[in-house]
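Just below is one structure, and these are the notes that go with it.
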Amino acid sequence: MPYQTTESLWGPEHQIFRETVRHFIATEIEPNVDEWVHNHEIPRSFWLKAAEAGILGVDIPVEYGGPGGDFLHRLVIAEEIGYTPAGASMAPSLIADGTTEILFRSANEAQRRQYIPAMVRGELLFGLAITEPDSGSDVSAIRSTATRDGDEWVINGSKTYISQANVADAFMVVVRTSEAPGAKGLSVIIVEADRPGFRRGKELHKMGVKASNTGEISFDNVRVPAENLLGEEGRGMAICLGGVNMDRITWPLIAHAASQRAFEETVEFVKNRKAFGQTIFDFQNTQFKLAEMKTEMAVGRAFLDEVIRDYQANGKLDNLKCAMAKMWLPEMEARVMDGCVQLHGGAGYMDEYPISRLYTAARLHRIFAGTAEIMRLLVARSI
Ligand SMILES: Cc1cc2nc3c(=O)[nH]c(=O)nc-3n(C[C@H](O)[C@H](O)[C@H](O)COP(=O)(O)OP(=O)(O)OC[C@H]3O[C@@H](n4cnc5c(N)ncnc54)[C@H](O)[C@@H]3O)c2cc1C
């Protein structure tokens, strides 16, 4: 059964695109994902195929090599990738294509021409490197530095938990470029992975999303040209926040779609599994749990729709509502996933059942792209 999105949100072009994404998932992701999970990596050929299918840099204008879609096309990808258990193993990698949008939005014309077409062709992979060993939620504690030396920036420091760390060709790196306190001294600099002094660290092994590569990178007097500065000096936080808001609607949508899939897998399971002479579904406890899940998902979807309709009306995402969505939807997902695993019994703990992968992937959604606690801080500020 396909994901039950809110049909009225989408134009015909998004629905046609949805079919493309579904086909791509069925033919290129689902048959291969187990191998990627095993290797902890998605091969380069995947990105070329994704580009061919038109699902990279979907909102990049045609003149820069993109398909010329809009932000809603990204949300269609989020729904479809969220809905498939295969997506649960690799979604952060595919969603990392959001770096194209961040780069495009903040880059000058020369940078756009230099990077964007190759990114959209799937030939150039970018990572976004914000988190450091001593600075995660507290971005103002970032210690990596970039010092100006003539026509170059000299970069030192290290980053951790970076998606695509071992595969990306270049990174947008958040560094301190001045003594200005907190986030004011932060800038974003593009660092290509073949610069002397750039090092990839060890791969980090995760409880879930195992096909998505996560690791460490470090910079030892890495020199890049002055023109690798993205946007204005000191505006690093603003550049990242633009992308962060995008994440704060994308990941709640993924959380919702994954919940729906987990629910459907569970209904199917409990209607077939028998205990004490009846199906698990026949127990009132099971029906009550499923009723709660169905209701929570409907409530969550209504709020997501409101955030998307706001965007359609105003052309921008509402910061507060995005924070609320990123706070609530992954927590709702956690309740649904936990209940679904429980209704599966021992099978729920076995990797051969999709619910197992959906469950471990879901655990991530409350942590990255801003933790649930940081979202609470943001929402509380509005009170
Ligand atoms: C699979 C994966 C992929 C990732 N990919 C990337 C990537 O591509 N690029 C990147 O830059 N980063 C990436 N991250 C890092 C991610 O963004 C951080 O893990 C996240 O921001 C949390 O930071 P932290 O891990 O340092 O936790 P901490 O900030 O140390 O937080 C620990 C706990 O303390 C809580 N806490 C912190 N501050 C407060 C507060 N003020 N009030 C109340 N509670 C608080 C947190 O909510 C959390 O529960 C990734 C992480 C994972 C797991």
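Values quoted throughout were computed directly from the atomic coordinates according to the rules given, and no laboratory measurement underlies them. Keep in mind that this is a model prediction, so the values were computed, not measured. Positions of Cβ are backbone-derived with ideal geometry, glycine not excepted, and every protein chain shown enters the neighbour counts.
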_Let me check against my output: what whole-number percent is the relative contact order of the chain, with C-alpha pairs under 8 Å and at least 6 apart?_
16 percent
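Does the range 143-287 come out rounded, prolate or oblate by the C-alpha gyration tensor, with a ≥ b ≥ c the root eigenvalues, rounded set by a/c under 1.5 and, if not, prolate when a/b is larger than b/c and oblate if not?
Cα axes put the range 143-287 in the prolate bin.
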*Just rank T279, T250, T5, fewest to most, by other beta-carbon atoms within 10 angstrom.*
T279, T5, T250
*R0 = 56 Å: FRET efficiency of E227 with E352, Cβ-based, nearest 0.05?*
0.65
_Suppose we take every Cα in the range 33-124 and form the convex hull; what volume per residue is that in Å³?_
85 Å³
*Quote the charge dipole size of the chain about the Cα centre in Debye, to the nearest 20; the model charges only the Cβ of Lys and Arg (+1) and of Asp and Glu (-1).*
720 debye
*By DSSP, what percent of the beta bridges with both residues in the chain are antiparallel, rounded to the nearest 5?*
85 percent
_Please compute the modelled spin-label separation between A291 and D194, points set 7 Å along Cα→Cβ, answer in nm with one decimal._
6.3 nm
*Find the relative contact order for the range 24-161 and round it to a whole percent, using C-alpha pairs within less than 8 Å whose residues are 6+ positions apart.*
20 percent
_Give me the dipole magnitude in Debye, nearest 20, for the range 182-282 about the Cα centre, with unit charges on the beta carbon: positive for Lys and Arg, negative for Asp and Glu._
320 debye
*Calculate for the chain the 222 nm mean residue ellipticity that helices alone would give, adding -39,500 (n - 2.57) per DSSP H run of length 4 or more and normalising by residue count, nearest 500 deg cm²/dmol.*
-16000 deg cm²/dmol
*Could you rank the peptides 363-369, 306-312 by their average count of other C-beta atoms within 10 Å per residue, with the highest value first?*
363-369, 306-312
_Shape verdict for the range 238-381, please, from the Cα gyration tensor: rounded (a/c under 1.5), prolate (a/b greater than b/c) or oblate._
prolate
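Which of L186, L229 has the fewest other C-beta atoms within 10 Å, and how do the rest follow up to the most?
Fewest-to-most ranking of L186, L229: L229, L186.
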_Quick check: the distance between the Cα centres of the range 215-262 and the range 1-72, to the nearest angstrom?_
20 Å
_Between E35 and V62, what's the calculated FRET efficiency when r is the beta-carbon distance and R0 is 25 Å? Round to 0.05._
0.15
*First check a/c for the chain, with a ≥ b ≥ c the square roots of the eigenvalues of its C-alpha gyration tensor; if it is under 1.5, answer rounded, and if not, answer prolate when a/b is larger than b/c or oblate otherwise.*
prolate
*What spacing in nm lies between the two simple spin-label points modelled at K202 and D70, each 7 Å away from Cα in the Cβ direction?*
4.8 nm
_Point-to-point label distance, R44-S382, nm (Cα→Cβ direction, 7 Å offset)_ = 4.4 nm
*Please give the peptides 235-244, 193-202, 105-114 ranked by average Cβ packing (other Cβ atoms within 10 Å per residue), highest first, as a rough proxy for protection.*
235-244, 105-114, 193-202
_Suppose every Lys and Arg Cβ carries +1 and every Asp and Glu Cβ carries -1, with no other charges. What dipole size does the range 238-381 come out with about its Cα centre, to the nearest 20 debye?_
200 debye
